[in-house]
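Engineer: Handing you this structure, nothing more for now.
Rule-based calculations on the coordinates, nothing more; no lab input. On a predicted model such as this, the values are computed, not experimentally measured, just so you know. Because the Cβ atoms are built from the backbone with ideal geometry, glycine has one as well, and the counts that use them run over all protein chains shown.
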Amino acid sequence: MKSPLLSLPGAVAAEGPDEGVAAHYGDLFREQRALADGAGFVDLSHREVVSVSGEDRLAWLHLLLTQHVQDLAPGHATEALVLSANGHVEHAVSLVDDGVATWMHMEPGKSRDFAAYLESMKFFYRVEVSERTEEYAIVHLPAGSIAEAPPGAVVREAAYGRELFLPRGSLEEFAAEHGPAIGVLAHEALRVEDHRPRLGLETDHRTIPHEVGWIGSAVHLEKGCYRGQETVARVQNLGKPPRRLVFLHLDGSEVRIPVHGDPVRLAADGVEGRQIGFITTSARHHELGPVALALVKRNVPPDAALIAGEEATAASQEVVVTP
């Protein structure tokens, strides 16, 4: 859905998975610094919203999701996945329960399939699944923000800030009262700095939770009864994931930085060498310079120098998922 905030002065529309909201409002690094200081808000109204109501909702979701939500307290934020039968990640949701309903937001284009999966699993449970994207918009408030949630908003408070499920009709009024508006490029740069994976960028069709660091934050290891749980348990107890997420410091002298999908190779092998991974998200950070997340083969030495993209941009690793 196209955000009305694209009409704000200086707004430049985002592309790719963030199409529909502003990439920035004219000054990327100023926006990043403001966000890091707890000021402003990020328009994430392109993300999609699903709610589940009914007295059985938490016990029912507990059977379907990778997270332990049966006793989820009102207002407590968490993350969860839906896996395939083979343990591959199909959906990733950020959720909170308000005591009446469980609210979840997810990547654009995912709510229909996610809601359809939930509907197929209702059976005799007393639950109601509703797609709410046309009614509610997601707004991110950074950690330290003193902005108050307006009436009618559902608040999800996480370590990296608050997310509001805001009635969509009040988005422009909220922007006027709680600016400055900050684009998704600044939000993404801080997400990369925090090593937080994002579905469709850090994942592909064969990603398992261990590879990108979702164990603990989105997967609870002391519960079962969800699809794909056997793979999670097997990798946790008997094996190691075939790939691992890494944080990369990129050579800042390059005009172009590698982008999603660009190959990663060992520097010792050169640009003609075998591909050992790929860039998942890259960003220009206001303090760290060009940085990226990448998925590489598990056996790549953590201290190995890497190159990324066809321009062979030099990259050094920080471990996110241990080999």
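Engineer: Go through (1) closer than 21 Å to GLU211 by Cβ; (2) in a strand (DSSP E or B) and name the single condition PRO290 misses.
Structural biologist: For PRO290, the exception is condition (1).
Engineer: Give me a count of the residues in the range 75-101 that are over 29 Å from PRO241 (Cα atoms) and surrounded by fewer than 22 Cβ atoms within 10 Å (Cβ to Cβ).
Structural biologist: 6
Engineer: Output the residue which, of all residues in the range 112-141 that are in contact with a Lys or Arg (Cβ under 8 Å, 6 or more places away or on another chain) and part of a strand (DSSP E or B), is surrounded by the most Cβ atoms within 10 Å (Cβ to Cβ).
Structural biologist: Applying the filter and picking the extreme gives ALA137.
Engineer: Could you check, for the range 271-281, whether at least one of its residues is over 14 Å from ARG243 (Cβ atoms) and of a type in the set (S, T, N, Q)?
Structural biologist: Checked against the condition, which is being over 14 Å from ARG243 (Cβ atoms) and of a type in the set (S, T, N, Q), the range 271-281 yields at least one hit.
Engineer: Right, another one. Is there any pair with a first residue in the range 104-129 that is over 26 Å from VAL155 (Cβ atoms) and a second that is small (Gly, Ala, Ser) and part of a loop (DSSP other than H, G, I, E, B) whose Cβ atoms are under 9 Å apart and which are 6 or more apart or on different chains, and what are they?
Structural biologist: If the second residue must be small (Gly, Ala, Ser) and part of a loop (DSSP other than H, G, I, E, B), the pairs left are TYR125/GLY54.
Engineer: Does any residue of the range 164-182 turn out to be closer than 25 Å to ALA11 by Cβ, in contact with a Leu (Cβ under 9 Å, 6 or more places away or on another chain) and acidic (Asp, Glu)?
Structural biologist: yes
Engineer: Just to be sure, is GLY38 out of contact with any Phe, Trp or Tyr (no Cβ under 6 Å at 6 or more places or on another chain), free of Cβ contacts under 8 Å to residues at least 60 places away in the same chain and not in a helix (DSSP H, G or I)?
Structural biologist: No: the conditions fail for GLY38.
Engineer: Still on this structure, please answer the following. Quick one: which residue in LYS223, LYS240 is part of a loop (DSSP other than H, G, I, E, B), in contact (Cβ under 8 Å) with a residue 60 or more places away in the chain and over 25 Å from SER94 (Cβ atoms)?
Structural biologist: Numbers: LYS223 fails: over 25 Å from SER94 (Cβ atoms).
Selected residue: LYS240, the only one of LYS223, LYS240 that is part of a loop (DSSP other than H, G, I, E, B), in contact (Cβ under 8 Å) with a residue 60 or more places away in the chain and over 25 Å from SER94 (Cβ atoms).
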